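This report concerns only the one structure given below.
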Amino acid sequence: MFSLSRIQRPEILLFVMAAAMPLAFGVWQALLNNFAIERAAFGGVEIGILQSLREIPGFMAFSVVFVLLMMREQTLAILSLVILGLGTAITGYFPSVVGLYATTVLMSLGFHYYETVNQSLQLQWFDKEHAAHNMGRMIAIGSFTSLIAFGIVWLLLDIGKIDMEIVYILGGGATMVIAVFCWIAFPKFPQKVEQHKTIILRKRYWLYYALTFMSGARRQIFVVFAGFLMVEKFGFDAAAISVMFLANGVLNMFCAPLIGKMIGKWGERRSLTLEYIGLILVFAAYAFVDNPWIAVGLYILDHLFFSMAIAMKTYFQKIADPKDMAPTAGVSFTINHIAAVVLPAAYGVLWIISPSAVFLTGAGLAFISLVLSQFIPMDPQEGNEVCWKSPRAVPVAAE
């Protein structure tokens, strides 16, 4: 006999929220470049500034710990989804430079607060043994709902000839509806460990901080300019961009859980080593690509490698004090976005001079990440956060 309590579990709530987020963000992402260029007359400088503004809420993610003085993490996660959906829904009705900047910041506030709290809840609610696999499942669920979002965008724009304004409303509205469902259908789950409500920086987490910083710097280059290249250089319209995202989502849906299992079997250092070597090659290839099909392949390959970033989360989960999950999630998002606030605008100027140089610097950042990843121990845990010796050695570092 069916029992509602069987699905009213913390991990199920995480899976439902993982399905809700991409419906709004996927629509916003799929339409952004075409909406910015066709409706708001954006160029490389304007798109770079917009992306820098988009990252300001991520840079301010440390402020999550202060919001948590007033509400629970679970409540904040649901409220953030509502804000994300609202920012997306109204985007189409502000087709100007200032209007698009404003709606982007609102959308981004919901997105980054959700991602910050969601990361904390994952590390608290998933046990260490199955964390990587469950995080891979969450990526797969997000990819599946992204498929729905991108598929709807393609159908409405290419087949139905519907205006982008309506598509924005549908995507944002769907996320808000699911967020309300999460509020009504799930109980307030008790915390396993009371989280610190102050900003925390610990010396023994330095390697995690460094990897997080490099990830933010490197990721921004691809997120901002790979899609923009498709539109500006190869002439992709919004429907074609949606089909590309669709193909990317299909592969992630099937591959992300397998990548999660692989990380559990290989360990964090081997997995991140593979990711960073792959990203060096992808960035270098993207700098000189002239074939749109090869560019699409590189875009999809990059996202598969990005799924391996799960290993950064599980590395931190293994070395961290359980009480540090919430404050460190906020701090790590801020660290991740330090470069993200500055780089898009700076690279927008560099883009005018040489698009290839933008991607070559991304390859350089990936190489630095590769070097840093070699300091991860084969058996990371509290007291064994960094390995200074050969990969086969498993030293025990002082606290």
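Please give the length that would be gained between K128 and N291 if that part of the chain were fully extended, namely 0.36 nm times their separation in residues minus their C-alpha to C-alpha distance (nm, one decimal).
54.4 nm
How charged is the neighbourhood of F283? Take every other residue with its Cβ under 15 Å from the Cβ of F283, and add Lys/Arg as +1 and Asp/Glu as -1.
Cβ neighbours under 15 Å give a net charge of 0.
Within 14 Å, Cβ to Cβ, of I199, how many net charges do the neighbouring residues add up to if Lys/Arg are +1 and Asp/Glu are -1?
Residues close to I199 contribute a combined charge of +2.
In square angstrom, what is the accessible area per residue of region 223-346 with a 1.4 angstrom probe?
Normalised by residue count, the accessible surface of region 223-346 is 35 Å².
As an exercise, use a Förster radius of 25 Å and the Cβ-Cβ distance of V386 and A346 to find the FRET efficiency, rounded to the nearest 0.05.
With R0 = 25 Å, the Cβ-Cβ based efficiency is 0.20.
If each residue of separation counts as 0.36 nm, what is the full-extension length gain between K197 and D237 once their alpha-carbon separation is subtracted?
The span from K197 to D237 would gain 9.8 nm if fully extended.
Given the pairs K265/K313; K128/K197; K265/K318; K188/K261; K203/K261; K197/K261, which span a C-alpha to C-alpha distance of over 25 angstrom in this model? Before the final figure, lay out the partial values.
Values: K265/K313 15 Å; K128/K197 23 Å; K265/K318 15 Å; K188/K261 30 Å; K203/K261 30 Å; K197/K261 33 Å.
Flagged as over cut-off: K188/K261; K203/K261; K197/K261.
Sequence-distant or interchain residues sharing an amide H contact under 5 Å with N384, placed H: which?
Here A397 satisfy the definition.
If only Cα atoms are counted, what is the Rg of region 1-98, and what is its Dmax, in Å?
Considering region 1-98 through its Cα atoms, Rg and Dmax are 17.4, 59 Å.
Could I have the simple spin-label model distance between W206 and S63, label points 7 Å from Cα toward Cβ, reported in nm to one decimal?
Rounded to a tenth, the inter-label distance reads 3.0 nm.
Under DSSP H, which helices of the chain have Cα atoms covering 15 Å or more of the helix axis and a Kyte-Doolittle average no less than -1.0?
Within the chain the helices that satisfy the rule are 10-38, 44-59, 73-89, 97-125, 131-154, 164-185, 206-232, 238-266, 268-286, 292-306, 325-353, 355-373.
Trypsin sites (Lys or Arg not before Pro), restricted to region 146-240: which are DSSP loop and have at most 15 other Cβ atoms within 10 Å?
Details: sites: K161, K188, K192, K197, R202, K203, R204, R218, R219, K233; in loops: K161, K188, K192, K197, R202, K233.
Of the trypsin sites (Lys or Arg not before Pro), the ones in loops of region 146-240 whose Cβ has at most 15 other Cβ atoms within 10 Å are K161, K188, K192, K197, K233.
By the scheme Lys and Arg +1, Asp and Glu -1, what is the net charge of all other residues having a beta-carbon under 11 Å from that of E11?
My count for the surroundings of E11 gives +1.
Of all the accessible heavy-atom surface of the chain, with the other protein chains kept in place and a 1.4 Å probe, what percent is carbon and sulfur?
On the way: 11490 of 16120 Å².
Its accessible area is 71 percent carbon and sulfur atoms.
Non-local amide H neighbours of F42 (under 5 Å, H modeled in plane, Pro and chain starts lacking H): which ones?
I37
Could you give the length gained on full extension between I49 and S356, defined as 0.36 nm per residue of separation minus the Cα-Cα distance, in nm? Provide the component values of the computation, followed by the final result.
Values: separation 307, 0.36 × 307 = 110.52 nm, distance 1.95 nm.
Going from the current span to full extension adds 108.6 nm.
At 1.4 Å probe radius, can you tell me the per residue accessible area of region 349-390 in Å²?
With the other protein chains kept in place, region 349-390 gives 46 Å² per residue.
Determine the calculated [θ] at 222 nm for the chain from helices alone, applying -39500 (n - 2.57) to every DSSP H run no shorter than 4 residues and normalising by the residue count; nearest 500 deg cm²/dmol.
Taken over the chain, the calculation gives -25000 deg cm²/dmol.
The values are calculated or read from the model by the stated rules, or taken from the named source; none is laboratory data. Worth saying up front: this structure is predicted, and the values here are computed from it rather than measured. Reconstructed Cβ throughout: ideal geometry from the backbone, glycine too, with neighbour counts over all protein chains shown. Quick note on the areas: whole protein, heavy atoms, side chains included, nothing else; ligands and nucleic acids left out. Shrake-Rupley method; radii C 1.70, N 1.55, O 1.52, S 1.80 Å.
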